[in-house]
Amino acid sequence: MVETHNVEFADDDIDGQKIVFFDGKYHKIEDVHIGNYDFRFNFNDKKHFSINSENIVNIKIHTEPSINEVWLLLENPKFNPIEMKKIGVTDRFNYWEIDISLESESFKFSFAGVNEKNSGIYFGTSGIANFISPSEKWVFNKNDFSIHEIPDWVFGGVMYQIFPDRFCNSKEELNKEGTVPWGSIPKRLEHQGGDLYGVIEKLEYLKDLGVNILYLNPIFLSTSIHRYDTWDHKKVDPTLGGEDALRELVQKAHEKNMKIILDCSLNHFHPQNFAFQDVIKNGESSEFADWFTVYDYPVRLKYRPHLLSKTHKVGWDGEEDQYKAYLEDITFKETNLEVEIMKDDGPIIEPTFKAWWGVPDMVKVDMTSVGARNWALDVGRYWIEEFDIDGWRMDVAKEIDLPFWAEFRNVTKSAKKDVLLFAEIFGDTSLWLQGDKFDSPMNYSFRELMNDYFAHTDITAKEFAEGLVGLYTMYSFEALSACQNLLSSHDVRRFLNRSENNIGALKSAMFMQATFPGVAGIYYGDEVGLNGGDEPSNREAFPWHDESSWNNDLRMWVKELMNLKSELTPLIKGKFELIGYSDSAVAFRRYFESDSVICLINRDSLLKEWKIKTESNEIELIWGHEEVKHMNKEIIIKNLPPYSGAIFREIS
């Protein structure tokens, strides 16, 4: 009950503003219990409270399993209690969600719950209460709240990651000296000649696959395969085709409604960078000295060749000859650094300056330097303004301070409002996803769950289902929708390698990429069955030269699902609701307004029968297993084979 409810919330009228919901009128329950209940809600974290560009407020809360109902006690401006939707159940929590239209610039709210003994519970800013007083209401004011806006083109996105040197060699005249034949066994120091013209040549192939976003590993001037040791952040490597090739790629991709994302590290660069070369030349008196952390001048490399047998300590296990060549034939010659031979114990190579993980050709940039900061912001702006790129993937983003990324967002979004900013950060990245820094991460948490269930089979269907709920509630819907849900990348073993060449496991995981909220992240060649292990074998050449090696059944599976991802409204912008699990199968619902689809995927055992309750009057099979029927408000699935699935629409 609300006694003389006052929407102005005057502090001197406590009785007039208190909320009593369990009074037999608003809710049939009248008993209130003030025990020790676990409700989890953080108004300041957008995973719990967010607003989209269409003025829809999304609220999520999770409670201990004994809570069977949760109500949003909304004052907007009149008192309006609304029951929240249960979207998932785990052993630890029940998860609840609601969307409401923003009808005023400000409102207050709190929560009520009902436990398994049918007692009422109030939850406000102070915790569990016997009623909600004015001081226990959360206060929302739109003018004080930052909205996390992501580009509209991201929803339903299918992102294809390209490692440029190994995707397609279109112009052999661009090959640098020493380029090895296409399809050679990949090695760390050997180029195979992929270029940006090769990407242009294969745009139609990618479009047919369902791809609408291209993410390119670094393309800037460098002599390495990976180019994270960039020499000049404002030059496209000429062996890739230079600036002309990038302009043409962006133009032709845009003509096909495809977006281009570039990748770089602002955290470190090659010693050939102009600023560090000045430090090499002028030492402590260099105008760029504060860009770096130097332990001892002159800047140099301390080298212990007598320890080369210990290459396992620097990630080159068993590659002593290659590591020696990398140091003596490449790094020492290219960097212009003095090399001091040491005979004591210590690292094989020891820079007298701060380097990224001690790698001698990756100088760490000190972003507390105003000059370094301005340089990095200028790089972010330059490629958007001059080449019309559509976004950035930022390498090792958590190694740069948070305020910098807020500046970076302001600069890049000012240059082009609908750019996408995503970051290489492992784990829960909520700290970076509050609408003022990044739009999303590389979702390695998604990859981990897919590995655990499909590749390694070391968790149960129940644990997998609970993991999906955890992924869905980890971020705001906007951040989640922009997550790159990857399975493989240039930094990790390919998914097919992890699953010991289990094509069914890869198919099932790619089904999840297509149907779970977020951007499907395909690492080049996964769709035809590339199975490289640890670096450098995970950077193999795409087998254009040997189409007979392609797994075309896998490719067609990927093509069908990825095209559905960008066509079906519930898969583009739909919310998520876990339905449950049976044997090794898991089902969930994606719904947008009145449009709802059920997605069902099975792992490694035959599912003989599963009955799923539904409010629909009939169903329509969209894709996959056909032995599905609707009867008496139940969907009955029979004889679902291992590593197969289905998508069907619920029709009211």
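Taking one equal scatterer on every alpha-carbon of the stretch 497-542, how large is log10 of I(q)/I(0) by Debye at q = 0.15, 0.16, 0.17, 0.18 1/Å?
Debye curve over Cα of the stretch 497-542, log10 I(q)/I(0) at q = 0.15, 0.16, 0.17, 0.18 Å⁻¹: -0.41, -0.46, -0.52, -0.58.
Along each of its three principal axes, how wide is the spread of alpha-carbon positions in the stretch 475-575, in whole angstrom units, largest first?
39, 26, 21
Given a Förster distance of 56 angstrom, what is the FRET efficiency for N501 paired with N55, based on the Cβ-Cβ distance and rounded to 0.05?
That pair, N501 with N55, gives E of 0.70.
Given a cut-off of 19 Å, what percent of all Cα-Cα pairs of the stretch 344-407 lie beyond it?
Counting pairs separated by more than 19 Å, the tail of P(r) holds 46 percent.
Please sort 173-181, 558-566 by packing, taking for each peptide the average over its residues of neighbouring beta carbons within 10 angstrom, highest first.
Highest to lowest by the protection proxy: 558-566, 173-181.
Return P(r) of the stretch 424-463 (all Cα-Cα pairs; 10 Å bins starting at 0; whole %; ordered from short to long distances).
29, 38, 24, 9
What are the equivalent ellipsoid semi-axes of the stretch 453-500, built from the alpha-carbon gyration tensor (square roots of five times its eigenvalues), in whole angstrom, biggest first?
Those come to 22, 18, 5 Å.
Along the charge dipole of the stretch 555-628, pointing to its positive end and built from +1/-1 on Cβ of Lys, Arg, Asp and Glu, which listed residue (S594, L621, L568) has its Cα farthest out?
It is L568.
Going highest first, how would you order 36-44, 320-328 by mean Cβ packing within 10 Å?
320-328, 36-44
Output needed: percent of Cα pairs per 10 Å distance bin for the stretch 64-162, bins running from 0 to the one holding the longest distance.
Calculated over all Cα pairs of the stretch 64-162, the distribution is 13, 34, 30, 16, 6, 1 percent.
Please give the net charge around I98, taking every other residue with its beta carbon less than 12 angstrom from that of I98, where Lys and Arg add +1 and Asp and Glu add -1.
Once positives and negatives cancel, what remains is +1.
Long-range amide H contacts for L607: which residues qualify at under 5 Å (H placed 1.01 Å from N, peptide plane, sequence gap of 5 or more or a different chain)?
Excluding prolines and chain starts, which carry no amide H, the hits are L640.
For D388, what residues show an amide H to amide H distance below 5 Å, using hydrogens built from the backbone and excluding near sequence neighbours?
Those qualifying (amide H under 5 Å, at least 5 residues apart or on another chain) number zero.
Using only protein heavy atoms and a 1.4 Å probe, report how much of T239 is accessible, in Å² to the nearest 10.
40 Å²
Estimate the FRET efficiency between L102 and D366 by the formula 1/(1 + (r/R0)^6), using the beta-carbon distance for r and 51 Å for R0, to the nearest 0.05.
Using R0 = 51 Å, I get an efficiency of 0.75.
Any chance you could run the full-extension gain for E320 through N410? It's 0.36 nm times the residue separation minus the Cα-Cα distance, nm to one decimal.
Gain on stretching E320 to N410: 27.9 nm.
Treating only the Cβ atoms of Lys and Arg (+1) and Asp and Glu (-1) as charged, compute the dipole magnitude of the stretch 186-345 about its Cα centre; round to the nearest 20 debye.
320 debye
Can you tell me the dipole magnitude for the chain around its Cα centre, using point charges on the Cβ only (Lys, Arg +1; Asp, Glu -1), in Debye to the nearest 20?
Result for the chain is approximately 900 debye, rounded to the nearest 20.
Under 15 Å from the Cβ of Y295, count the other residues' Cβ atoms, weight Lys and Arg +1, Asp and Glu -1, and hand me the total.
Value of the local net charge: -3.
Which percent of the accessible heavy-atom area of the stretch 50-146 goes to carbon and sulfur, probe 1.4 angstrom?
Solvent-exposed carbon and sulfur of the stretch 50-146 make up 42 percent of the total.
If one puts a single equal scatterer on every Cα of the stretch 263-377 and applies the Debye formula without solvent, what log₁₀ I(q)/I(0) results at q = 0.22 Å⁻¹?
-1.23
With unit charges on the beta carbon (Lys/Arg positive, Asp/Glu negative), name the residue among S224, I87, S119 whose Cα is farthest towards the positive pole of the charge dipole of the stretch 79-235.
Checking the options against the dipole of the stretch 79-235, the answer is S119.
May I ask for the angle, rounded to the nearest 10°, between helix 402-415 and the longest principal axis of the chain, with both axes built from Cα atoms and the value confined to 0 to 90°?
Approximately 90 degrees, to the nearest ten.
Return the calculated 222 nm mean residue ellipticity for the chain, to the nearest 500 deg cm²/dmol, obtained by summing -39500 (n - 2.57) across DSSP H runs with n ≥ 4 and dividing by the residue count.
It comes out at -6000 deg cm²/dmol, rounded to the nearest 500.
As a test question: what accessible area, to the nearest 10 Å², does M556 have when a 1.4 Å probe is rolled over all protein chains in place?
Roughly 80 Å² of M556 is accessible to a 1.4 Å probe.
How big is the dipole moment of the stretch 15-88 about its Cα centre under a simple scheme where the beta carbon of each Lys and Arg is +1, that of each Asp and Glu is -1, and everything else is neutral? Debye, nearest 20, please.
My answer is approximately 280 debye.
Extending each Cα 7 Å along its Cβ direction at N374 and F145, get the distance between those two points in nm, one decimal.
3.9 nm
Give the Cα extents of the chain along the principal axes, in whole Å, largest first.
83, 62, 50
Step through the residues of the stretch 555-561 one at a time and calculate ³J(HN,Hα) from phi using the Karplus curve (6.51 cos²θ - 1.76 cosθ + 1.60, θ = phi - 60°), rounding each to whole Hz and writing x for Gly and Pro.
Karplus-based 3J(HN,Hα) across the stretch 555-561 equals 4, 5, 4, 5, 4, 5, 5 Hz.
The values are calculated or read from the model by the stated rules, or taken from the named source; none is laboratory data. From a predicted model like this one, the values you see are computed outputs, not experimental measurements. Cβ coordinates were reconstructed from backbone atoms using ideal geometry, including for glycine residues, and neighbour counts include every protein chain displayed. For accessibility, only protein heavy atoms count, side chains too; no ligands or nucleic acids. Shrake-Rupley method; radii C 1.70, N 1.55, O 1.52, S 1.80 Å.
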